[in-house]
Amino acid sequence: MRNRTLSRVVVIASIVSSCGSREVAGTTQADPPAPTTVATPSTTGPSAAVSYGPTVLVTGSEECELNPPIAAGTTTTDSDGTVKTRDGRFKCTVTNSDPRIAGTAIYTANLDRWTTTGTDGVQVQWGTIRIENEGGAWETEYIGIFSLETGEVGAELFTDTGDYEGLYYYQWVIGTLGQPRPTSGLIFPTTVPIP
């Protein structure tokens with residue numbers, strides 16, 4: 001307990017000593033501490049898998065075959081201009097710093113799209129993903145968005161089969177529609193309560 005308290009005192013003393021002071025209207029006031037840099041999450045993450053006990057932080061990429069897709073699905077336009085695509089299917093090749101997440105992914109694709117010029121626009125997309133390899137498969141339902149300003153943004157929680165039973169894979173994607181997309185994720189045991 002004494003060491004922990006001493007550490008706190010040293011940290012507080014370091015912060016206080018880094019602050020200057022200034023005189024304002026005959027009184028002395030301490031300058032505010034210098035702004036600190038806040039780390040922002042990387043969209044690509046580390047280049048190799050990083051293990052934290054049974055949990056592993058991984059990175060990878062997906063290269064998808066969209067032209068032509070497995071199935072284009074059906075596209076209709078509502079009277080309010082909403083473009084709706086249903087029951088599309090496409091395949092992606094998945095590479096990853098952990099081979100358990102590498103393989104072939106099959107996506108089902110549905111989307112609602114809104115545009116003002118035909119070339120701009122935003123969309124909401126959803127469907128299922130199944131990543132398969134020799135050890136088993138990962139499956140999930142997904143929802144994501146796309147706009148020219150944000151790119152493609154999504155997050156998925158996969159459950160597992162085969163050799164990977166007992167694990168979850170949480171993946172996040174920020175990429176450009178139609179181009180290889182970087183992925184990052186966390187493989188973790190099912191001891192974490194999932195709502």
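The values are calculated or read from the model by the stated rules, or taken from the named source; none is laboratory data. All values reported here derive from a predicted model rather than from experimental measurement. Counting neighbours? That spans all protein chains shown, and the Cβs are built from the backbone with ideal geometry, glycine included.
Hey, does segment 111-121 have a residue that's assigned to a strand (DSSP E or B) and aliphatic (A, V, I, L, M)? Looking for residues that are assigned to a strand (DSSP E or B) and aliphatic (A, V, I, L, M), one finds at least one in segment 111-121, hence yes. Tell me whether segment 26-43 contains one or more residues that are modelled with pLDDT under 95, under 31 Å from the mean Cα position of the chain (by Cα), surrounded by 13 or more Cβ atoms within 10 Å (Cβ to Cβ) and not assigned by TED's automatic domain parsing to the domain that holds residue 153. Taking every residue of segment 26-43 in turn, at least one turns out to be modelled with pLDDT under 95, under 31 Å from the mean Cα position of the chain (by Cα), surrounded by 13 or more Cβ atoms within 10 Å (Cβ to Cβ) and not assigned by TED's automatic domain parsing to the domain that holds residue 153. Set side by side, the residues 132, 149 differ, and just one is among the acidic types (Asp, Glu) and either surrounded by 15 or more Cβ atoms within 10 Å (Cβ to Cβ) or in a strand (DSSP E or B) (or both), which is 132. Every condition in (1) loosely packed, with under 14 Cβ neighbours inside 10 Å; (2) of a type outside the set (A, V, I, L, M); (3) in contact (Cβ under 8 Å) with a residue 12 or more places away in the chain; (4) within 19 Å of residue 75 (Cβ to Cβ) is met by residue 141 except one, and the failing one is (4).
For segment 158-195, enumerate the residues that are hydrophobic (A, V, I, L, M, F, W, C), more than 14 Å from residue 54 (Cα to Cα) and surrounded by 14 or more Cβ atoms within 10 Å (Cβ to Cβ). Residues satisfying the conditions are 158, 172, 173, 174, 177. Selection of segment 152-170 for residues being closer than 15 Å to residue 102 by Cα, of a type in the set (D, E, K, R) and part of a strand (DSSP E or B) yields only 160.
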